[in-house]
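**Student:** I have a structure I would like to understand better, so I am pasting it below and will then ask my questions one at a time.
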Amino acid sequence: MLKNNFTLNMLDISWILLMIITSANAFVAETAEPSLAITAIICCSIAYKGRRIMDYFMELNHANTTIQFFMRSYFHVFPALIFLSDLFSEELASLTTI
Amino acid sequence: MSITATDFHLNGSGIVTQEPETLNKIPGNRAVWVGIFAEMTEFALFFIVYFIAKAHYPEQFNQGPQQLNTLAGTLNTFALISSSYFVAKALAAIRIDDPEQSIKWLWRAVLCGGIYLVIKVWEYHWNVDQGIETNTNKFYTMYYYMTFNHLLHVGWASGSLLWAIRQLKAGNYTQNNHLGFTAIACYWHMVDLAWVIIFPLLYVLR
C-alpha cells in the first residue's frame, strides 16, 4: 500500500491562498464592469494579501509591535484610500485643482 | 494520501522556540527597516499621485487598464508571490540547519526574480507595439513610472538574494547566525508588498 504523508504548513497555505486571490483579481480585471462594489472587493483583497504576506512570510505576527503597527496600518490605510478616492473622486479633483 | 495543516510557527516548520531572534524583536536589523520604511514611503507618494491623477483624468484611468497586458501583470504577480514564498522557505531551512536546502529555495526565488524581469521587458515591448508609451497619456505615464521604479527594486533585491546565496555557501549564514539573511528576506517581502498594491491599481481597477 502506498502511503504518502503530504503536510502543509502556514507558509504553503498562504502561498496557495495568495495565488488564488491573484487569479481572482485577474479574472475581475478581464470580465467585471467597474463599480464601487468591485473596488471594495479589490481593496479587501489587497488588505488581506498584504496581511498574509506580512504575518506569515515576513513573520511580523510575532515581531516588534511598532513595526507590526506601522506595516499593518499601511495595508489598512491604502486600501481605504483607494476606495475613498474612487468614492469622492470629484471632491478630490476640486480639492487638488490649482 | 492525507493532507494536514500543521500550526504555523516562526520558522514555518513548527519549532517556535528556536526563533528567539524574531520573537517580539525587529526582524533582521534596524538598518533594513529604515530602508523598508523609506521605500514604503516612496511608494506611498506614488499612490497618492495616482489617486490625484485619476481624479483629474477619470476617462484615461478608466480606459488605461483595459489596454494593458493583464496576463503579463498576473504572471508577474505569481512570480513575486512565489519568490516571497521561496525566500520564507529558505529562511525556514537555515533555521533547521539545512543550508543546502536553503540555497535551493533561494535559487528558486532568484529564478522568479529573473522571470519577473523577463516578463516586464516583454510587456514593455508589447506596449510599444500597441502604441503605449510613456507620454501617451497621464495613466501610462503613471504606469511606466511606477512599474519601472518597482522593476529597479526587484533588480537590486535579486542581487541581495545572490549575495545571501554566496554567504550561505561560504558558511557565513548558519542556524545560529542569520540575521543578515533575515534582513534580506524582509526587504524582498517589501518589494512583493509594493506590487500587491501596484498590480490592482494599474491592471484591475478602473
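Values quoted throughout were computed directly from the atomic coordinates according to the rules given, and no laboratory measurement underlies them. Source: prediction; values computed, not measured. Every residue, glycine as well, gets a Cβ built from its backbone with ideal geometry; the counts of neighbours run over all protein chains shown.
**Student:** May I ask for the angle, rounded to the nearest 10°, between helix B:179-199 and the longest principal axis of chain B, with both axes built from Cα atoms and the value confined to 0 to 90°?
**Tutor:** The two axes meet at around 30 degrees.
**Student:** What distance in nm separates the two pseudo spin-label positions at B:LEU179 and B:GLU59, each 7 Å out from Cα along the beta-carbon direction?
**Tutor:** Between B:LEU179 and B:GLU59, the label points sit 5.8 nm apart.
**Student:** Next question, about the same structure. Under a straight-distance cross-link criterion of Cα-Cα below 25 Å, which lysines are reachable from B:LYS138, leaving out those fewer than 8 residues away in the same chain?
**Tutor:** B:LYS138 reaches B:LYS54, B:LYS120.
**Student:** Please rank A:CYS43, B:CYS112, fewest neighbouring Cβ atoms within 10 Å first, as an exposure proxy.
**Tutor:** Taking fewest neighbouring Cβ atoms as first place, the list is A:CYS43, B:CYS112.
**Student:** Still on this structure, I have one more. In peptide B:191-198, what is the residue-averaged number of other protein chain Cβ atoms found within 10 Å of each Cβ? Don't skip to the end; give the middle numbers.
**Tutor:** Values: counts 0, 6, 9, 1, 1, 16, 9, 0.
Mean partner-chain Cβ count within 10 Å for B:191-198: 5.
**Student:** Okay, moving on. How many angstrom separate the Cα center of the stretch B:84-107 from the Cα center of the stretch B:121-154?
**Tutor:** Spelled out, the Cα-based centre of one part sits 33 Å from the other.
**Student:** Moving to a separate point now. Under 15 Å between alpha carbons, and skipping anything fewer than 8 positions from B:LYS89 in its own chain: which aspartates and glutamates qualify?
**Tutor:** A:ASP12, A:ASP55, A:GLU59, B:GLU19, B:ASP97, B:ASP98, B:GLU100
**Student:** Which order do B:LEU205, B:LEU80 fall in if you start with the one that has the fewest other Cβ atoms within 10 Å? Don't jump to the answer; show the numbers that get you there.
**Tutor:** Numbers: B:LEU205 23, B:LEU80 29.
Arranged by neighbour count, lowest to highest, B:LEU205, B:LEU80 become B:LEU205, B:LEU80.
**Student:** For helix B:138-169, report the angle its Cα long axis makes with the longest principal axis of the Cα atoms of chain B; keep it between 0 and 90° and round to the nearest 10°.
**Tutor:** Relative to chain B, helix B:138-169 is tipped by roughly 20 degrees.
**Student:** Further, regarding this structure: Relative contact order for the stretch A:28-95 using alpha-carbon pairs under 8 Å, separation at least 6, rounded to a whole percent?
**Tutor:** Numbers: 29 pairs, mean separation 25.5, N = 68.
Contact order relative to length: 37 percent.
**Student:** Something else: Based solely on its DSSP helices, what 222 nm [θ] is calculated for the protein assembly as shown when runs of n ≥ 4 H residues each add -39,500 (n - 2.57) and the sum is averaged over all residues, nearest 500 deg cm²/dmol?
**Tutor:** Numbers: 10 runs with 216 residues, N = 304.
The helix contribution divided over the protein assembly as shown gives -24500 deg cm²/dmol.
**Student:** Could you give the nm distance between label points at B:LYS104 and A:THR31, where each point is 7 Å from its Cα heading toward the beta carbon?
**Tutor:** For the pair B:LYS104/A:THR31, the computed spacing is 3.8 nm.
**Student:** Counting other beta carbons within 10 Å of each Cβ, put B:TYR140, B:TYR145, B:TYR203 in order, fewest first.
**Tutor:** On the way: B:TYR140 20, B:TYR145 14, B:TYR203 26.
The most exposed by this proxy come first: B:TYR145, B:TYR140, B:TYR203.
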